[in-house]
Amino acid sequence: ILWMVLGLIITGVTGFFFLNAVFSGIIPNEIFGPIMIGAIILELVTVIAFTALTYKSSAGALRAMFLIYSVLNGVTLSTLGLAYGLDLVVIAFASTVVLFTVLAIYGYCTKEDLTKYTSLLTVGIISLIIMSLVNIFLRSDGLMLITSIIGVIVFIIFIAVDVNRIKSNVIAYAMQEDASILDKIEIHGALQLYLDFINLFIYILRLLGRRR
């Protein structure tokens, strides 16, 4: 959780300073687009590398990739401030914090094995991707609303499931007394929860933006 919080702080601070640089003219409008494209590409490369090297690289290398990803995400997510306004971003962030905290506590404290819902969540993710791709061409406000609602539901459940899974993995590997594996599980779990938080935040922001 602490690494996830650190990642979110880095993302927020990066986004804040990047937006200030854009507004102040330090970053010219001409290179804004190329910077975004480059950041998105580097994000994808970093996540793919992180996933592929989770059990091959050292925990230190994984932490470095996580921090790099947090910085890159701060750059790409800064566009949300331009699109929705700072006040709406703050409200969406606060709402996400509350929901995340409640679901994380439930996922940690429940004795039920929540990983049984993973297949259902996978279907939800696939549905979100398909609807989002279709709506690129349809540009339907109604479909956007449905996608946002489903997205909020899916990632609310994902938070509880991922916290439950991480807890189970930590307990299982703790019995083997392998500190290196535990460190890797910790940072891998931090990325999972970070992504859950960011996605939930984006879908909540879309809903609030639509209401406005």
Study note, to complete from the structure: Exactly one of ALA83, ALA92 is surrounded by 15 or more Cβ atoms within 10 Å (Cβ to Cβ) and either in contact with a helix residue (DSSP H, G or I) (Cβ under 9 Å, 6 or more places away or on another chain) or within 21 Å of GLU186 (Cα to Cα) (or both), and that residue is ALA92
**Study point:** One residue from ASN169, ASN135 being under 18 Å from TYR194 (Cα atoms), out of contact with any Phe, Trp or Tyr (no Cβ under 9 Å at 6 or more places or on another chain), at pLDDT below 95 and polar (S, T, N, Q)
**Key:** ASN169
Exercise for review: Would you please list the contacts, defined by Cβ atoms under 6 Å and residues six or more apart or on different chains, that run from a residue in region 1-25 that is closer than 20 Å to ALA64 by Cβ and polar (S, T, N, Q) to a residue that is open to solvent by less than 70 Å² (accessible area, probe 1.4 Å) and part of a helix (DSSP H, G or I)?
Suggested key: THR11/SER70; THR11/ASN73; THR11/GLY74; THR14/VAL71; THR14/GLY74
Practice item. Identify the single condition in (1) exposed (fewer than 15 other Cβ atoms within 10 Å of the Cβ); (2) in contact with a helix residue (DSSP H, G or I) (Cβ under 7 Å, 6 or more places away or on another chain); (3) aliphatic (A, V, I, L, M) that VAL161 does not satisfy, given that it satisfies every other one. Key: (1)
Exercise for review: Please find, among PHE155, PHE137, the residue that is in a helix (DSSP H, G or I), farther than 18 Å from TRP3 by Cβ and in contact (Cβ under 8 Å) with a residue 40 or more places away in the chain.
Suggested key: PHE155
Check your understanding: In region 109-124, which residues are out of contact with any Gly (no Cβ under 9 Å at 6 or more places or on another chain), of a type outside the set (Phe, Trp, Tyr), in a helix (DSSP H, G or I) and open to solvent by less than 100 Å² (accessible area, probe 1.4 Å)?
Key -> CYS109, THR115, THR118, SER119, LEU121, THR122, VAL123
Practice item. Filter region 135-152 down to residues that are within 22 Å of the chain's Cα centre (by Cα) and open to solvent by 40 Å² or more (accessible area, probe 1.4 Å) and give me whichever is nearest to ASP162 (Cα to Cα). Key: ILE150
Exercise for review: Search region 38-59 for residues that are more than 16 Å from GLY74 (Cβ to Cβ) and pair each with any residue that is among the acidic types (Asp, Glu) and open to solvent by 20 Å² or more (accessible area, probe 1.4 Å) when their beta-carbon atoms are under 7 Å apart and the residues are at least 6 apart or on different chains.
Suggested key: ALA59/ASP183
Check your understanding: When you go through SER127, SER132, SER180 one by one, which is the residue that is part of a helix (DSSP H, G or I), open to solvent by 20 Å² or more (accessible area, probe 1.4 Å), among the polar types (S, T, N, Q) and closer than 23 Å to LEU77 by Cβ?
Key -> SER132
Check your understanding: Residues of region 51-64 being farther than 15 Å from TRP3 by Cα and either open to solvent by 60 Å² or more (accessible area, probe 1.4 Å) or in a helix (DSSP H, G or I) (or both), which ones?
Key -> THR51, ALA52, LEU53, TYR55, LYS56, SER58
Revision key, fill the gap. Looking across region 1-46 at residues that are within 17 Å of the chain's Cα centre (by Cα) and hydroxyl-bearing (Ser, Thr, Tyr), the single one that is surrounded by the most Cβ atoms within 10 Å (Cβ to Cβ) is THR11
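The values are calculated or read from the model by the stated rules, or taken from the named source; none is laboratory data. Keep in mind that this is a model prediction, so the values were computed, not measured. No Cβ is skipped: glycine too gets one built from the backbone with ideal geometry, and neighbour counts run over all protein chains shown. Remember, those area values only see protein heavy atoms, side chains included, never the ligands or the DNA or RNA. Shrake-Rupley method; radii C 1.70, N 1.55, O 1.52, S 1.80 Å.
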